[in-house]
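K.L.:
My questions will all concern the structure given below.
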Amino acid sequence: MQTSKRRDTRAALIHAAERLFAEKGLGGVSVRDITIAAGAKNQSALHYHFGGMEALIKEVFAHRFRDIEHHRIARLAEIDKAGQSGDVYALLSAGIAPLLQGCLEEEGRLYARFCVQLISDPRYDAGQLIDDIGIQSASAIVHRLSEALTGLTAETVSTRLRRVFTISVMITADYARSVEAGSAPPVEDAIHEAASTLTGFLLAKPATSQA
């Protein structure tokens, strides 16, 4: 029973933090705000479960990404079955589809807005957080895209792949807004448009420097 209560408190803290961070930004929320919103009786609950605010922010990012991981792995398996393991559009579609599909639920829309706050905060490197979490699907997609992006320098590939995540977050947040406004296109259409946009970005011919 005690273990169950600890799990419930931990989950409540994560969900309360996600909502507050999405609404107010990472710097606009206090430990007290989160513990009150979570209904935690002990004001030290956040430090007990996470050790501090920074660790909680990382866990808020990680907890929903674990669900995204399952959907991405399934899509990657479909890509492999179709013989499209090196197809840039298919890989990007697999990457962003779970994010956009999540926006059909309120929690997914909150997560989208939280991620915007995260990528806007100079204290956090979302790419490093993904590596720290050990998201295999993200690593697989990045590896395959790197191999597919021939004709670009290694530096250009690295820069574009890093920015693809940032662009994906902004696309997802925009879709979340349109869902709430009642103006969103069907999610499969949104996935196609997003993957097409990202494909164009990755495959764009580098601009030549002007003398």
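K.L.:
Does any residue of segment 168-183 turn out to be acidic (Asp, Glu), part of a helix (DSSP H, G or I) and in contact (Cβ under 8 Å) with a residue 24 or more places away in the chain? Before you say what the answer is, go through the steps one by one.
P.N.:
Of all residues in segment 168-183, those acidic (Asp, Glu) come to 174, 180.
Then keep just the ones that are part of a helix (DSSP H, G or I); that gives 174, 180.
Restricting the remaining residues to those that are in contact (Cβ under 8 Å) with a residue 24 or more places away in the chain gives 180.
Yes: segment 168-183 contains one or more residues that are acidic (Asp, Glu), part of a helix (DSSP H, G or I) and in contact (Cβ under 8 Å) with a residue 24 or more places away in the chain.
K.L.:
Mind checking which pairs have a first residue in segment 85-109 that is closer than 14 Å to Ala173 by Cβ and a second that is surrounded by fewer than 16 Cβ atoms within 10 Å (Cβ to Cβ), Cβ under 7 Å, 6 or more apart or different chains?
P.N.:
The qualifying pairs are Arg109/Glu180.
K.L.:
Taking only segment 143-157 into account, find how many residues are free of Cβ contacts under 8 Å to residues at least 24 places away in the same chain, part of a helix (DSSP H, G or I) and open to solvent by 70 Å² or more (accessible area, probe 1.4 Å).
P.N.:
Looking only at that region, the number is 3.
K.L.:
Does segment 76-106 hold any residues that are closer than 19 Å to Ile14 by Cα and assigned to a helix (DSSP H, G or I), and which are they?
P.N.:
So in segment 76-106, the residues closer than 19 Å to Ile14 by Cα come out as 99, 102-103, 105-106.
Leu99, Gly102, Glu106 - these are the residues of segment 76-106 that are closer than 19 Å to Ile14 by Cα and assigned to a helix (DSSP H, G or I).
K.L.:
Answer with yes or no whether Ile73 is open to solvent by 40 Å² or more (accessible area, probe 1.4 Å), assigned to a helix (DSSP H, G or I), touching a residue at least 60 places away in the same chain (Cβ under 8 Å) and among the aliphatic types (A, V, I, L, M). Break it down into steps so the answer makes sense when it comes.
P.N.:
Numbers: open to solvent by 40 Å² or more (accessible area, probe 1.4 Å): yes; assigned to a helix (DSSP H, G or I): yes; touching a residue at least 60 places away in the same chain (Cβ under 8 Å): yes; among the aliphatic types (A, V, I, L, M): yes.
Yes, satisfied.
K.L.:
While we're here: Which numbered condition trips up Leu129, out of (1) among the aliphatic types (A, V, I, L, M); (2) open to solvent by less than 60 Å² (accessible area, probe 1.4 Å); (3) under 23 Å from Thr199 (Cα atoms)?
P.N.:
(3)
The values are calculated or read from the model by the stated rules, or taken from the named source; none is laboratory data. Computed from a predicted structure; not experimentally measured. Every residue, glycine as well, gets a Cβ built from its backbone with ideal geometry; the counts of neighbours run over all protein chains shown. Keep in mind that these areas ignore ligands, DNA and RNA; they rest on the heavy atoms of the full protein, side chains included. Shrake-Rupley method; radii C 1.70, N 1.55, O 1.52, S 1.80 Å.
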